[in-house]
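Each remark here refers to the structure printed beneath this line.
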Amino acid sequence: MIIYPILIPLVFAIITVLFWENQRVKRALSIISTGLLMIVNINIFFVVYREGIQVVQVGDWPAPFGISLVVDLFSAIMLLTTSIVAFLLAFYSVDGIDLARRKYGYFPLFQFLLVGVNGALCTGDLFNLYVWFEVMLMSSFVLIALGGERTQIEGAIKYVILNLLASTLFLSAIGLTYNLAGTLNMADLALRLQAVSSSGQVTVIAVLFLVAFGIKSAIFPLFFWLPASYHTPPVTITALFSALLTKVGMYTLIRFFTLLFPFESEYTHTIILISAGFTMLTGVLGAAAQTDLRRLLSFHIISQIGYIFMGLGLFTEYAIAASIYFLVHIILAKTALFLSAGMVESIQGSFDLKKLGGLYKHRVGLSMLFLLPALSVAGLPPFSGFFAKLGLIIAGLESKQYFIIGLALFVSLMTLFSMTKVWNEAYWKPPKDPQYADQQKPVSRWRLAPVIIIVVLSVLLGLFANPVFEVCQMAAAQLMDPSQYIRAVLGMVR
Amino acid sequence: MTALSITILTGFLIAILAPFLTRLMKHRAAFVLALYPLAVVIQLLALQPDTLTAPSIQFPWVPSMGLWMTFTLDGLGFLIAMLIAGIGTLVILYGGEYLRDDPYLERFFLWVIIFMASMLGVVTSGNALVLFVFWELTSISSFFLIGYKFEYESARAAAWQALLVTGAGGLAMLAGFVLLGQITGSFEINQWMQNSNLVQESALAPAAFILILLGAMTKSAQFPFHFWLPNAMEAPTPVSAYLHSATMVKAGVYLLARLFPVLGGLALWNQVVPWVGLLTLVGGALLALGQTDLKKLLAYTTVSSLGGMVFLLGLGTPLAVKSAMLFLLTHALYKGTLFLVAGGVDHSAGSRDIRKLGKLAKLMPFTALAAGLAALSMAGIPPLIGFISKEYVYESTYYYSNLPFILTGLAVLANVANVAVAGWVGIRPFWQQPEQKDEDLHPHKESLWLWIPPLVLAITGLFMGVFSQGTAQTWVAAATSAVLQEMSKVKLSLWHGITPMLLLSVLTLMIGVVVYLASRTLIPRLAAFWNKLSSVGPNIFYSRSMRAFLSVAGWQTKILQSGYLRYYIITILVTTVTLAVVTLATRYDSLPNPQWTQPRFYDVIFIVIIIVSAILVTRAESRLATITLLGAIGFSIAILFLLYSAPDLAMVQFAVETLTVVLFVLVIYQLPKYTKSNYPIHANVLHIIVSAAGGIMMVVLMLLTSAVPSNSTLAPYFMESSLPLAKGHNVVNVILVDFRGLDTLGEITVLMIAAIGVFALLGLKKGSKRGGNG
Amino acid sequence: MQRSIILPVATRFLMPLMLVFSIFLLLRGHNEVGGGFVGGLVAASALMLYAISTSPSALWRLLPLDPRFIAAIGLLISLFSGFISMFYEKPFMTNMWIEAPLPVLGKIGTPTLFDLGVYILVVGVVVWILLEFAEDE
Amino acid sequence: MLFLMAIAAGVLFAAGIFMILRRSMVKVLVGILLLGYAANLLLFNAAPLIRGAPPLIDPVIGVPTVYADPVPQALILTAIVISFGVTAFAVVLIRRAYAVTGTGDLDNMHCTDIPCESEEILSDLEDEIL
């Protein structure tokens, strides 16, 4: 059952490669694949919700010897959210990706990326996680460079090198872990690391993993690749990355620091909290200095990651639940924002706030597609962002971390500043160039429909925050009690 | 109550439908849409609050975060809800006419109704977090209404400013709410009231209080956050009348009144709130006297009045609370009227400059009547309700134990300004000759729906004054009881006999008239004075801090995101090494000692080759030398693999190494030549230090982890089961294709992707002979 | 580039030998040093040798399929070998063996098929990459 | 021996780091390769180093008493293959970068990060705020 999230995109990726020459078939295949994936993931979600953690021992080898695939509620939530976004992006890609990129492998790469993402979300094995990360990373390397324009290549080079550095650290950390604990299965590791937890090595390895995944999820002070590269490829690809890549990094951090390294939480989680604060702040400050819509949104990714990280740093069940809710919220809202930006660009031909303008005048509906997720990201009620931040604030007060809460609120205000700045410039202000003044270029339905759906989902996530948050709380409860995970994988706690 | 809360929430739906209705019916949609607030008015009247705490209904929204849709209607909520819905009805009718031919009328209706519903939500919700939700919704709708004429830069700037200022306050308030929730364990306001002793004992209470106060201050435009309100006059006049005078700006006052039973007992309350209010009361009044624009005049007096209300609540005596409630009602009535009048005048005369307006009574008799009544009320002249209100205010200050004279004196000062402004706005444009002739102005007759709403409001004010024993008394009493949490009687009457208050009223009026008459000399001088002062005012502080924020943002981004890859790498490595060192250093005691095994002769040779080649690679300045050295490293590693029991590895390493070399050789002439590294010495030294630190860190970690015996169960299991269960003798291969086959599947997927990548990057440029012609 | 006669001639003998050797590596991999990956690399090297000694386009003609398809088919075979067990309601990639050993090939099971897929994929990918590189000159 | 191997890996790490700090793209690529070797050696060190006892099951004797841990070997194999794919792609990327930018110098590629005209932004925004 839980192998399907990996197999479906993989099978379709291969078939897409076989149908390399036929654009229509490739397009259809990617929609079918992501649709199937979504159905499967909905199913998985409900099974996990009802029956608890699901485990498959690949090859029928008992854990910890073979590779275990494990889906707990947290993974299931992530699988579900990412597959919904992927499905909508598959539609958006029909029109949102130019012919050259479609010819040179966009669709199979899209599928391969999903293989990596789903693999990383499902696996319960340390080295297998590395492999899926590489699958994900390799696809993203190609996607980001695909097209080969100058800025893109420049961005890609930084992206590739910094991510390879992270991979090296990751691989080294795996080697050290195996050296220390003699196993790769994460459930088994959790037990074995507990046994040697008193020694400083475990903590230092924890720190190495923190850095490795920190680079991938773009936290302070390791995020440099993101602003350097995320704005260079077409916005569809940026949306894909923002929804999946950094979030999978975050997923892994949360998994590692609840399952593998919960000891010495005083120390590691203080580091996390400090980094989270800076991540929020530097991200939002970076965004404030931008006038390019894509750059601005890219910096905001960092800032939002800071919030999720903050929940991990607070390290209470409630805080983790808020982080998970935040993840879901930001995946939807951020994708919506990027895709809206893409539509803006398709109408006015620019991402530059100085050139844009006047969209609210003629395109009220389209403006709302930006406005609603923007307000949500800014944390205004009754949208999902508000509940996400409220959860974190409540959790923070319970842990008496007043400073970080103050910071979170300040950053929230600055996010509002950025979002309304975009609104002022791109939607309210009359464009400087009168030729844009009465733009009525139509936006294709392939683009419009998915954005509308994702915005509606995002709004619903806010209005019906309760059931979602309760599920997040269940997921957090599972995370904070690793014995459930360990028992599910190893059968019994030995 | 259930019905009422449902009606209120329906507002959001109606708002969304409003644009479609407007497209169908044009401005006549106003008549349909006005039914919404009217329905609320009717339901409110049917509920007539007379008990101390009215029954509330509750249903869960996000209970896991403490958000319950609790609706409560007590006297306080009732009073303000009546204002919202009542004035709202008039404003919708008025707005439909005022913006009759405006292309964005539908958006006006949309946001005004969203505002209306949210504002009603603010005053009826009994849950602090839900209150916050509605509170922010009023800010959002205010943003869109101020920015209604979004094509004007001034409107955009004002909308933005209002949103940021109130948004900042809102966030502070949220933090305060959450703190209170922490203290009392609930977000239900009635729980807070019941546990007010807990609150007062808590060490966190002062912080919560200050944070909530910040929210109230920004929303109700208290000094030093008052500046957004006059700027918000960029909004169309019906919006100014409704949001920025009669209702939304009262939200802060409402909040203070609502939480008075919870926070009023704090010592800080009496130490802070009155002063904030007083400063605003006086400051607003003085600022008002320097204005010539009708709306600005009204805006500054609104600031002043809001200050007055906050001041009275800050005093906190039963008398002061009563006066505050009465003042709140009165102010909404006359100020709403005057704003609507100002809109009517602007609409028909085409100007809002009081120096250019005059003799309009003939053209606009009903507007003049409404204006006159409201002005009299504002000036505090009997028998209008404004008179009673003012007497009450004086009484509160006069009988306040500390500083009666100073407080009363300042109140008189503020009221003098009110008298003058009332005259300038309500009398002068209609009856006096204009001070300056403006030939461009061609006043036309008033339109029906621009005078009915203000007149209705004005007459309400008159009736409430004349029959002051009636409705007003009940409402104010109920509101006061709700604030004080005890039954309180309010007796309103026009005549108390000759009291000090009456004398003060007369005095106020006399000075006021003098000021009114002195407008020609007074206004320009004060205006010049304020202009000079404005360079240090909070408005400047706002823009300065924005500018500072932006330059800090630009500066830090330039520093962090310099664009130079090596700085990024250095930062990452320094972070890693520092964290590792700190972690190990603080845990030094528990670190075990590693053990060594003896190396052999051949091992040493190959290791030396590796080390030497690695060092030489860093010095090599030709690409060919680099490739050769890399090959040497790769092959030496392969041999080490072979020596140390890993023949498969050795083979793969050989093969891959060969291929890599072939690859390099194939493209070497397409690769850029080595540029001479021209780093300055100190940069090179830094790089060497960083690299050495990274290398040493890794060595230390390897040795440390090796020192702990790992007791792996994996290897024995694989060795034991390889043949019986997986039918293979070569365990490494069995692991690859069976035990951990999934890894291999992923690995070959990576290869596949890499090949696509190579093809995509090379092919895209070539335009391709073969690929991609589909 | 000046072409010598020796290289094409040598290739003509070497290539088949290397191809056979590569298959030998593939088959014995489960029991002795070797395996699909190394086998694939050797085969690919043989083909590359051919391309260098003659011309890349000659190799194009020699290949039955576009290397892109070869690679995809290899991946598909590996993947398919994992599916087999799922028909028997075992987890993905559970090994299944044909009971009787076949002549020459020895014992055949899904891992063998998997390794074969790896072999084919590696041949496809490496040839593909190298051809792209070679044509880029 | 472990010590020497660790030193070798450490030197490779250091050399790799030093190389990715260079300005020349090709050198940075070399750095990445060096880091790959280093990580492989590190993985190899993750189990006790044993000479001449490959993890093969003898058809006659069965499981040998002394054998090297096969797990790190399998991991390294996978890692080598992955880094081969990555290298191939990276080479092309650099080749492509050279073609479009005409330079191999990373210092000439720093304008994707921040727009170089942030002063201008400030003045524009000030207009809006005031």
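Each value in this text was obtained by applying a stated rule to the coordinates, not by laboratory testing. Values in this document were obtained by computation on a predicted structure and should not be read as measured data. All Cβ positions, glycine included, derive from the backbone under ideal geometry; neighbour counts span all protein chains shown.
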Report summary line: The helix B:205-219 Cα axis meets the longest alpha-carbon principal axis of chain B at an angle in degrees, between 0 and 90 and rounded to 10, of 70 degrees
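Please return the longest stretch of chain B lacking exposed loop sites, where GluC sites (Glu not before Pro) count only if DSSP places them in a loop and at most 11 other Cβ atoms lie within 10 Å. It would help to have the intermediate numbers written out before the result.
Values: sites that count: B:Glu439, B:Glu486.
That would be B:1-438.
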Query raised in the report: Given a Förster distance of 45 angstrom, what is the FRET efficiency for A:Phe410 paired with B:Ile57, based on the Cβ-Cβ distance and rounded to 0.05?
Result: 0.80
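With each run of n ≥ 4 DSSP H residues scored as -39500 (n - 2.57), what mean residue ellipticity at 222 nm is computed for chain C after dividing by its residue count and rounding to the nearest 500 deg cm²/dmol? Intermediate results must be reported in sequence, preceding the final value.
Numbers: 5 runs with 96 residues, N = 137.
Helices in chain C give a 222 nm mean residue ellipticity of -24000 deg cm²/dmol.
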Requested in this report: Can you give me the P(r) profile for the range B:444-562? Cα pairs, bins 10 angstrom wide beginning at 0, each as a whole percent.
Outcome: 10, 14, 20, 23, 19, 9, 5, 0
Report task. Can you give me the P(r) profile for chain B? Cα pairs, bins 20 angstrom wide beginning at 0, each as a whole percent. Result -> 14, 36, 17, 19, 13, 2
Report summary line: Ordering B:622-630, A:220-228, B:608-616, A:309-317 by per-residue average of other C-beta atoms within 10 angstrom, highest first, gives A:220-228, A:309-317, B:608-616, B:622-630
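Would you tell me the mean number of C-beta atoms belonging to other protein chains that fall within 10 Å of each C-beta in C:44-57, as a whole number? Provide the component values of the computation, followed by the final result.
Working: counts 2, 4, 0, 0, 3, 0, 0, 0, 2, 0, 0, 0, 0, 0.
Counting other chains' Cβ atoms within 10 Å and averaging over C:44-57 gives 1.
Per-residue mean of other chain beta-carbon atoms within 10 angstrom of the beta-carbon, peptide A:421-428?
Across A:421-428, the average partner-chain Cβ count within 10 Å equals 5.
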Query raised in the report: When the helix-only estimate is applied to chain B (DSSP H runs of n ≥ 4, each -39,500 (n - 2.57), divided by the residue count), what is the mean residue ellipticity at 222 nm, nearest 500 deg cm²/dmol?
Result: -24000 deg cm²/dmol
Query raised in the report: Shielding of A:122-133 by partners, i.e. mean partner chain Cβ atoms within 10 Å per residue?
Result: 4
**Report entry** Value of relative contact order over chain A, rounded to a whole percent, pairs C-alpha under 8 Å and six or more apart
**Finding:** 16 percent
Requested in this report: Could you tell me the largest-minus-smallest coordinate of the C-alpha atoms of the range A:57-146 on each of the three principal axes, in descending order and whole angstroms?
Outcome: 47, 23, 18
Requested in this report: Enter the Cα centre distance for the pair the range B:52-98 and the range A:182-236, rounded to the nearest angstrom.
Outcome: 49 Å
Requested in this report: State, in angstrom, two size descriptors of the range A:1-104 derived from its alpha carbons: Rg to one decimal place and Dmax to the nearest whole number.
Outcome: 15.9, 47
Report task. Would you mind calculating the relative contact order of the range C:6-136 from Cα pairs under 8 angstrom and at least 6 residues apart, reporting the percent as a whole number? Result -> 29 percent
Query raised in the report: What angle, in degrees between 0 and 90 and rounded to the nearest 10, separates the Cα long axis of helix A:126-145 from the longest principal axis of the Cα atoms of chain A?
Result: 20 degrees
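Run through every distinct alpha carbon pair of the range A:264-463 and return the Kirkwood hydrodynamic radius in angstroms, one decimal place. Don't skip to the end; give the middle numbers.
Working: mean 1/r = 0.0584 Å⁻¹.
About 17.1 Å for the range A:264-463.
Using the structure shown, select from A:Lys247/A:Lys441; B:Lys335/B:Lys437; A:Lys389/B:Lys250; A:Lys389/B:Lys558; B:Lys558/D:Lys27; B:Lys335/B:Lys445 the pairs with a Cα to Cα distance greater than 32 angstrom.
Values: A:Lys247/A:Lys441 34 Å; B:Lys335/B:Lys437 28 Å; A:Lys389/B:Lys250 27 Å; A:Lys389/B:Lys558 29 Å; B:Lys558/D:Lys27 26 Å; B:Lys335/B:Lys445 23 Å.
Going by Cα-Cα distance, A:Lys247/A:Lys441 fall outside the 32 Å limit.
Can you list which of the trypsin sites (Lys or Arg not before Pro) found in the range C:1-84 are DSSP loop residues with at most 15 other C-beta atoms within 10 Å? Numbers along the way, then the final one.
Working: sites: C:Arg3, C:Arg12, C:Arg28, C:Arg61, C:Arg68; in loops: C:Arg3.
When the trypsin sites (Lys or Arg not before Pro) of the range C:1-84 are filtered for loop state and at most 15 Cβ neighbours within 10 Å, C:Arg3 remain.
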Report task. Grab the beta carbon distance between B:Ala3 and B:Trp275, set R0 = 51 Å, and tell me the FRET efficiency rounded to 0.05. Result -> 0.75
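Just from its helices, what would the mean residue ellipticity at 222 nm be for chain D, if runs of 4 or more DSSP H residues each count -39500 (n - 2.57) and the sum is divided by every residue, rounded to the nearest 500 deg cm²/dmol? Could you put the intermediate results ahead of the total?
Working: 4 runs with 83 residues, N = 130.
Here the helix-only value at 222 nm equals -22000 deg cm²/dmol.
With a length cut of 27 Å (Cα positions projected on each helix's long axis) and a Kyte-Doolittle mean of at least 0.5, go through chain C and give me the DSSP H helices that pass.
Numbers: long enough: C:6-28 (32 Å, 1.93); C:67-87 (30 Å, 1.75); C:110-136 (39 Å, 1.50).
Qualifying helices: C:6-28, C:67-87, C:110-136.
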Query raised in the report: How large is log10 I(q)/I(0) at q = 0.05, 0.06, 0.07, 0.11 Å⁻¹ when the Debye formula is applied to the Cα atoms of chain A, each weighted equally and without solvent?
Result: -0.17, -0.24, -0.33, -0.85
Requested in this report: On a C-alpha basis, how far is the centre of the range A:371-446 from the centre of the range C:102-137 in Å? Whole number, if you could?
Outcome: 51 Å
Report summary line: If one compares the long axis through the Cα atoms of helix B:75-98 with the longest principal axis of the Cα atoms of chain B, the angle in degrees, nearest 10, works out at 90 degrees
Query raised in the report: Dimensions of the range B:305-398 along principal axes (Cα, Å, largest first)?
Result: 47, 23, 19
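Which value does Rg/Rh take for the protein assembly as shown over its C-alpha atoms, Rh per Kirkwood? Display every interim value, and only then the final one.
Working: Rg = 37.2 Å, Rh = 35.2 Å.
Computed over Cα atoms, the ratio is 1.06.
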Requested in this report: Taking 7 Å along the Cα-to-C-beta vector as the label spot, tell me the A:Arg487-D:Arg51 distance in nanometres, rounded to one decimal.
Outcome: 5.1 nm
Report summary line: In nm, the gap between the two label points placed 7 Å beyond Cα toward Cβ at A:Ile32 and B:Asn684 is 6.1 nm
Report summary line: The alpha-carbon center of the range A:238-285 and that of the range B:6-37 are separated, in whole Å, by 46 Å
Query raised in the report: How much length is gained on full extension from B:Met25 to B:Leu198, taking 0.36 nm per residue of separation minus their Cα-Cα distance?
Result: 56.7 nm
Query raised in the report: Can you list the lysines whose alpha carbon is less than 17 Å from that of A:Lys421, not counting same-chain residues fewer than 8 positions off?
Result: A:Lys334, A:Lys354, A:Lys355, A:Lys361, A:Lys429, A:Lys432, B:Lys149
